[in-house]
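Student: One structure follows; several queries about it will come next.
Each value in this text was obtained by applying a stated rule to the coordinates, not by laboratory testing. All values derive from a computational prediction rather than experimental measurement. Every residue, glycine as well, gets a Cβ built from its backbone with ideal geometry; the counts of neighbours run over all protein chains shown.
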């Protein structure tokens, strides 16, 4: 089991070439997190759906289309905040209801694609595991 266990949400653009990531705000930067992260968080609720709904409301200030949630895969890699620890992300794909805006601990939102797997601002798990798997599964074009 990983040191950090998280639930993430993949939000794709219409042509499936980009997906939404969060740039941490000042609250998270104080915890040494300064790379782009998948929307989501720790699984503290009783169900995955409740966790995603809560985290998306907190981070993106919008609702989640609960009927669109689809499991993609679980990934394990180095944690963005602690190179000596690992993080596991159970990633789900889903659609947002409304336009996302950064809120709570989020400083900014970015759309990234397969060309960003070399971008130093992207977290290790996203560039090393998530992007290659999404390309391989033809989820990300």
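Student: Which of 1, 66 comes first, and how do the rest follow, when ranked by fewest Cβ neighbours within 10 Å?
Tutor: On the way: 1 6, 66 13.
So the residues, fewest neighbours to most, are 1, 66.
Student: Give the value in nm², to one decimal: projected area of the alpha carbon convex hull of the chain, averaged over all directions. Intermediate results must be reported in sequence, preceding the final value.
Tutor: Working: hull surface 31.1 nm².
Average of the hull's projected areas for the chain equals 7.8 nm².
Student: Which FRET efficiency, nearest 0.05, do residue 137 and residue 26 yield, Cβ-Cβ r, R0 30 Å? Working shown, then result.
Tutor: Working: r = 35 Å, r/R0 = 1.17.
Calculated transfer efficiency: 0.30.
Student: If you count the DSSP beta bridges with both ends in segment 1-108, what percent of them are antiparallel, to the nearest 5? Please report the intermediate quantities before stating the final value.
Tutor: Numbers: 18 of 25 bridges.
Counting DSSP beta bridges with both partners in segment 1-108, the antiparallel share is about 70 percent.
Student: Continuing with this model, one more query. So what's the back-of-envelope 222 nm ellipticity for the chain, counting only DSSP H runs of four-plus at -39500 (n - 2.57) apiece and dividing by all residues, rounded to 500?
Tutor: On the way: 3 runs with 23 residues, N = 141.
Result for the chain: -4500 deg cm²/dmol, rounded to the nearest 500.
Student: Return, ordered by residue number, the residues of segment 92-114 whose backbone nitrogen is under 20 Å from a label point located 7 Å along Cα→Cβ of residue 17.
Tutor: 110-114
Student: Report the convex hull volume per residue for segment 85-141, counting only C-alpha atoms, in Å³. Please list the in-between numbers first.
Tutor: On the way: hull volume 7.5 nm³, N = 57.
Taking the convex hull of the Cα positions in segment 85-141, it is 131 Å³ per residue.
Student: With labels modelled as points extended 7 Å from the Cα through the Cβ direction, what inter-label distance (nm, one decimal) is found for residue 117 paired with residue 44?
Tutor: 3.4
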